[in-house]
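Undergrad: Encoded as structure tokens, here's the structure I'll be asking about.
Derivation of every value follows stated rules applied to the coordinates shown; laboratory data play no part. Remember, predicted model here, so these are calculated numbers, not experimental data. Every residue, glycine among them, receives a Cβ derived from its backbone with ideal geometry; neighbour counts consider all protein chains shown.
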Amino acid sequence: MTVIDVHTHMMSDAWLEMLKTHGGPRYTVKEVRGGEEAIHLDGAPFTTLTPGMFDYDLRVRAMDEAGVDIAIVSLTCPSVYWGTAQTSAEAARIMNQDMAAAQSSYPGRIRWFCTLPWQHADLAVAELARACDLGCVGVMVLGNIAGEALTDPKFQPIWAEIDRRRLPVLLHPTAPPGLAELQMIPYNLIASTGFMFDTTLAVVRMIYDGFFDRYPNLKLIAGHGGGTLPYIAGRLDRCYEQMPACREKIAAPPSEYLRRIYYDAVVYRQEALALCIEIAGADRVLYGSDYPHNIGDMAGCLARVDSLPSAQIRGVRGENAKRVFGL
């Protein structure tokens with residue numbers, strides 16, 4: 001059974017140098033407890049840098065050891081949502097070119113999500129066309145664009161083009177707005193809690209906003225098992241039933257929309273994976289590892305998939321991803 005990893009990341013040295021040069025004052029790279037370097041937002045660490053993020057040979061060896069056949073790689077946060085329009089567009093081009101080269105070097109093992117300068121819609125649409133010509137199989141977006149909601153009308157041209165092309169979109173969290181007010185710096189709360197909040201808020205806003213009715217071809221993959229979406233599905237429906245504001249733009253309960261999107265299996269507990277499948281359906285869950293983050297778990301995530309009921313294993317391992325990405 002083919003194993004396809006839909007949530008796994010790569011960076012490049014050139015992208016990191018651009019971030020160090022142009023990401024300030026909000027984004028900085030500095031040492032954290034334990035001696036590693038991490039990307040910080042407003043002083044809060046949220047992405048620890050690891051060797052596997054820059055080394056495709058190391059990645060493929062790790063895939064071999066874990067039994068993963070194909071990795072659909074993506075840049076992680078903070079993507080390219082910083083600097084001037086020219087800087088953001090150039091950083092996106094650098095990452096897309098680097099991932100296209102990796103696909104050429106490892107044609108049977110690497111596919112990729114393209115990176116876009118989302119905060120500049122015209123540049124993003126142009127880069128999307130270029131990335132598709134280079135061979136990308138989907139688009140990466142963070143849960144907020146430098147604090148702006150994904151449903152903001154300024155992003156409509158990008159979503160319309162993605163919808164026209166019927167491309168899968170990996171929605172990955174980033175640091176949520178309001179870090180100081182949320183007191184996210186102690187205990188590295190962005191990684192454990194803030195990311196889950198960011199994904200959940202982004203998708204719930206999309207549902208109530210009628211986003212999935214406006215873009216019917218959109219194949220959205222909510223990272224980390226959808227944040228807290230499976231756990232709060234009943235609450236979303238209850239609000240829809242009892243609050244007129246939750247019915248302004250949709251005519252079906254939110255739980256129906258939760259079955260239209262996809263989820264990865266990066267949840268770390270068997271019970272959480274089972275709940276995700278119960279809410280979404282086994283045909284809507286895809287294997288992911290979050291490798292090479294320090295909390296990534298290529299082998300563990302696959303072991304949990306392999307512990308599912310036998311009728312669900314093949315789909316989650318890779319058959320669902322084959323269908324979604326046309327592989």
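Undergrad: So which of Ala102, Ala62, Ala91, Ala14 is farther than 26 Å from Met298 by Cβ and small (Gly, Ala, Ser)?
TA: Sole residue among the options that is farther than 26 Å from Met298 by Cβ and small (Gly, Ala, Ser): Ala91.
Undergrad: Determine whether Gly143 is surrounded by fewer than 23 Cβ atoms within 10 Å (Cβ to Cβ) and either in contact with a Pro (Cβ under 7 Å, 6 or more places away or on another chain) or at positive phi (or both).
TA: No; evaluated as a whole, the condition is false for this residue.
Undergrad: Right, another one. Consider region 268-297. How many of its residues are more than 16 Å from the chain's Cα centre (by Cα) and touching a residue at least 60 places away in the same chain (Cβ under 8 Å)?
TA: So the answer is 1.
Undergrad: Six or more apart or on different chains, Cβ atoms under 8 Å: show the pairs whose first residue is in region 244-265 and within 13 Å of Asp213 (Cα to Cα) and whose second is in a loop (DSSP other than H, G, I, E, B).
TA: Note: pairs meeting the criteria are Lys249/Asp209; Lys249/Gly210; Ile250/Gly210; Tyr257/Ile250.
Undergrad: Can you report the number of residues in region 131-181 which are among the small types (Gly, Ala, Ser) and within 20 Å of Asp209 (Cβ to Cβ)?
TA: Qualifying residue count for the region: 5.
Undergrad: Further, regarding this structure: In region 171-184, is there at least one residue being touching a residue at least 12 places away in the same chain (Cβ under 8 Å), touching a helix residue (DSSP H, G or I) at 6+ places or on another chain (Cβ under 9 Å) and in a helix (DSSP H, G or I)?
TA: Yes - at least one qualifying residue is present in region 171-184.
Undergrad: Any residue in region 16-34 that is in contact (Cβ under 8 Å) with a residue 40 or more places away in the chain sitting within a Cβ distance under 6 Å of a residue that is of a type in the set (D, E, K, R)? List the pairs, counting only those 6 or more apart or interchain.
TA: Arg26/Asp42
Undergrad: I'd like the residue in region 146-170 that is part of a loop (DSSP other than H, G, I, E, B) and in contact (Cβ under 8 Å) with a residue 12 or more places away in the chain and, out of all such residues, is surrounded by the most Cβ atoms within 10 Å (Cβ to Cβ).
TA: Leu150
Undergrad: State which residue pairs qualify: first residue under 13 Å from Gln270 (Cα atoms) and inside region 302-321, second residue crowded, with 23+ Cβ neighbours inside 10 Å and of a type in the set (D, E, K, R) in any location, beta carbons under 6 Å apart, and separation of 6 or more residues or different chains.
TA: Every condition considered, the pairs that remain are Val305/Arg317.
Undergrad: With the requirement that a residue be outside any loop (DSSP other than H, G, I, E, B) and under 24 Å from Gly83 (Cα atoms), what does region 185-205 give you?
TA: Once the filter is applied, which keeps residues that are outside any loop (DSSP other than H, G, I, E, B) and under 24 Å from Gly83 (Cα atoms), region 185-205 yields Ile190, Ala191, Gly194, Phe195, Asp198, Thr199, Ala202.
Undergrad: Restricting to region 229-255, what's the tally of residues that are under 27 Å from Gly296 (Cα atoms) and surrounded by fewer than 18 Cβ atoms within 10 Å (Cβ to Cβ)?
TA: Residues in region 229-255 being under 27 Å from Gly296 (Cα atoms) and surrounded by fewer than 18 Cβ atoms within 10 Å (Cβ to Cβ): 1 in total.
Undergrad: Let me ask something additional. So which helices (runs of 4 or more DSSP H) stay within region 228-296 end to end and still have 1 or more residues that are over 26 Å from Met63 (Cβ atoms) and touching a strand residue (DSSP E or B) at 6+ places or on another chain (Cβ under 8 Å)?
TA: Hits in region 228-296: 229-242.
Undergrad: If I ask for residues that are in contact with a Lys or Arg (Cβ under 6 Å, 6 or more places away or on another chain) and surrounded by 21 or more Cβ atoms within 10 Å (Cβ to Cβ), which ones from region 3-39 would you list?
TA: Once the filter is applied, which keeps residues that are in contact with a Lys or Arg (Cβ under 6 Å, 6 or more places away or on another chain) and surrounded by 21 or more Cβ atoms within 10 Å (Cβ to Cβ), region 3-39 yields only Val3.
Undergrad: While we're on this one: How many of the residues making up region 215-227 are surrounded by 23 or more Cβ atoms within 10 Å (Cβ to Cβ) and part of a loop (DSSP other than H, G, I, E, B)?
TA: 1
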